[in-house]
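Participant: Here it is: the structure, laid out below.
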Amino acid sequence: MKHLFFYFILMAGCILSSCGKKETPAPTPLTKTQLISAKTWRMTAATIRIGTNAPVDNLSGYPACEADNLYIYRANNTYEEDQGATKCSPNQSQIRLTGTWAFTTNETKLSITRGSGSIVDDFDLLELTATTLKTRMVDGNGTLDYTFTAQ
């Protein structure tokens, strides 16, 4: 009988202690706007593919003063291109370009309007995570793929 009473107390303790545990809810996933505006982005790869030819590295053709530029997408849909650590000319402003940005086509495209609106670039959004932004632009020159890494 003692064993039965001990077993009953042990089971009651286990049941009561498990009732107090609350599961932590899964975090709400970040929106694409939150992901793109949370960090500053630096281009880490750029390729161009003309027709059916294999992609060719395009980033190696950028001068060092442009390859280190930072791309900033703010939550209020403003856009800046920062000169990064190396300016092409010491007299240039640190902010090279400004404009606006928006997701379009159910957030599958990234549209960037630079300056006074005279330059509009539309990119396919291939990937957007907390650390990686990949875009593609198809134009008369071929297919341009860009990879940016969060800084």
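The values are calculated or read from the model by the stated rules, or taken from the named source; none is laboratory data. Here the structure is a predicted model, which is why all the values come from computation and not from measurement. Ideal geometry is used to build each Cβ from the backbone, glycine not excepted, and the neighbour counts take in all protein chains shown.
Conditions (1) touching a residue at least 40 places away in the same chain (Cβ under 8 Å); (2) closer than 22 Å to residue 110 by Cα; (3) among the hydroxyl-bearing types (Ser, Thr, Tyr), marked per residue:
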| site | (1), (2), (3) |
| --- | --- |
| 32 | yes, yes, no |
| 42 | yes, yes, no |
| 51 | yes, no, no |
| 64 | no, no, no |
| 85 | no, no, no |
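Participant: Quick test of your reading of the structure: residue 38 fulfils all but one of (1) of a type outside the set (Ser, Thr, Tyr); (2) exposed (fewer than 14 other Cβ atoms within 10 Å of the Cβ); (3) without any contact (Cβ under 8 Å) to a residue 60 or more places away in the chain; (4) under 17 Å from residue 151 (Cβ atoms). Name the failing condition by number.
Facilitator: (3)
Participant: Just checking, does region 74-91 include any residue being aliphatic (A, V, I, L, M), modelled with pLDDT of 95 or more and touching a strand residue (DSSP E or B) at 6+ places or on another chain (Cβ under 8 Å)?
Facilitator: Taking region 74-91 first, the residues aliphatic (A, V, I, L, M) are 75, 85.
Within this subset, residues satisfying the condition of being modelled with pLDDT of 95 or more are 75.
Of the ones still in play, those that are also touching a strand residue (DSSP E or B) at 6+ places or on another chain (Cβ under 8 Å) are none.
So far as region 74-91 goes, no, none of its residues is aliphatic (A, V, I, L, M), modelled with pLDDT of 95 or more and touching a strand residue (DSSP E or B) at 6+ places or on another chain (Cβ under 8 Å).
Participant: Are any residues in region 94-126 out of contact with any Ser or Thr (no Cβ under 8 Å at 6 or more places or on another chain), without any contact (Cβ under 8 Å) to a residue 40 or more places away in the chain and surrounded by 11 or more Cβ atoms within 10 Å (Cβ to Cβ), and if so, which ones?
Facilitator: Pass one, region 94-126, residues out of contact with any Ser or Thr (no Cβ under 8 Å at 6 or more places or on another chain): 94-97, 105-109, 116-118.
This time we only want the ones that are without any contact (Cβ under 8 Å) to a residue 40 or more places away in the chain, so: 94-97, 105-106, 108-109, 116-118.
Scanning region 94-126 gives 95, 96, 97, 105, 108, 109.
Participant: Can you name the residue in region 110-146 that is under 20 Å from residue 96 (Cβ atoms) and among the hydroxyl-bearing types (Ser, Thr, Tyr) and is also nearest to the chain's Cα centre (by Cα) among such residues?
Facilitator: By that ranking, first place goes to 135.
Participant: Restricting the search to region 101-151, which residues are assigned to a strand (DSSP E or B), over 20 Å from residue 59 (Cα atoms), modelled with pLDDT under 95 and not hydrophobic (A, V, I, L, M, F, W, C)?
Facilitator: The one that is assigned to a strand (DSSP E or B), over 20 Å from residue 59 (Cα atoms), modelled with pLDDT under 95 and not hydrophobic (A, V, I, L, M, F, W, C): 114.
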